[in-house]
1. Order by neighbour count: 89, 16, fewest other Cβ atoms within 10 Å first, most last.
2. Could you check what % of the DSSP bridge pairs in the chain are antiparallel, to the nearest 5?
3. Give me the distance between the Cα centres of the stretch 1-51 and the stretch 80-109, rounded to whole Å.
4. Normalised by the residues of the stretch 62-169, what does the relative contact order come to in percent, with Cα pairs under 8 Å and at least six apart?
5. For the chain, what does -39500 (n - 2.57) per DSSP helix run (n ≥ 4), summed and divided by total residues, give at 222 nm, in deg cm²/dmol to the nearest 500?
6. Spin-label point model (7 Å from Cα, Cβ direction): what's the residue 199 to residue 156 distance in nm?
7. Ranked by Cβ crowding within 10 angstrom, fewest neighbours first, how are 36, 19, 134 ordered?
8. If I build a Gaussian network model for the chain, linking alpha-carbon pairs within less than 10 angstrom, which residue out of 211, 256, 221 has the largest mean-square fluctuation?
Ligand code: 5PN
Ligand code: ZN
Ligand code: ZN
């Protein structure tokens, strides 16, 4: 039995305005932030938590976010650097279905897809102000078509009908691999904690908290379904970290990201 390892896979970066990163606070101006995927090698299989954005999608739908992504920063490119292929992934876990977290799902065609049951419902049925967030529905092309959405014509998408396992409540999905409900940013958002043999647990916030500065300022991002629930979930992350002596890893933190041990390095 091998011990659990965690790899952080660089997915490139996007740009938003400072007022979107720090809701009603700012300061305004170009705010570039990293996106990444988390690969958990566990004795029960390989799990990837979030898959970053698809460069072509962002250029087509949100070019004003000025995506930066090399081939090595795509899911196939990042996995290749540690000797893996997308077909080696057993499970994709999505914190939520915003385009910058599910853009690489389409490469993991043999994986079982895990998410909160609410999130899968709302992704195809979102509030009007959430449309840009839920603009990349290629993670489930069959469901997107059934919901009357149009997809880019990519032949590979015709073949891709992912299998879903939906959950509700907090769940330990494999030994030491925990999903915690942190709604507000979206209706069915999950944060993830991974217990490791040789270090403190790692608590991945997802978009329940973009950065350390958001936590320190007690300030959520402007992309949210429910700001009150969102703030409550951010506080829940602080409580979880304290309870489990976990280290918090933020989803979009330009200051913390360079300090993280990125693949091919890993945590164990
Ligand atoms: C990076 C980013 N840009 C725009 C949106 C949006 O409209 O909802 C979520 C989101 C993003 O994460
Ligand atoms: Zn989001
Ligand atoms: Zn995000």
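1. Values: 89 25, 16 21.
Fewest to most other Cβ atoms nearby, the residues stand as 16, 89.
2. Values: 29 of 43 bridges.
Close to 65 percent.
3. The two parts, judged by their Cα centres, are 13 Å apart.
4. Details: 133 pairs, mean separation 28.6, N = 108.
27 percent.
5. Mean residue ellipticity at 222 nm (helix-derived): -6000 deg cm²/dmol.
6. 3.0
7. Numbers: 36 26, 19 16, 134 21.
Ranking 36, 19, 134 by Cβ neighbours within 10 Å, fewest first, gives 19, 134, 36.
8. 256
All of the numbers you see were taken from the coordinates with simple rules; none came from a lab. A quick note: this is a predicted structure, and the numbers were derived from the prediction, not measured. FYI the Cβ positions are ideal-geometry reconstructions off the backbone, even for glycines, and counts take in every protein chain you see.
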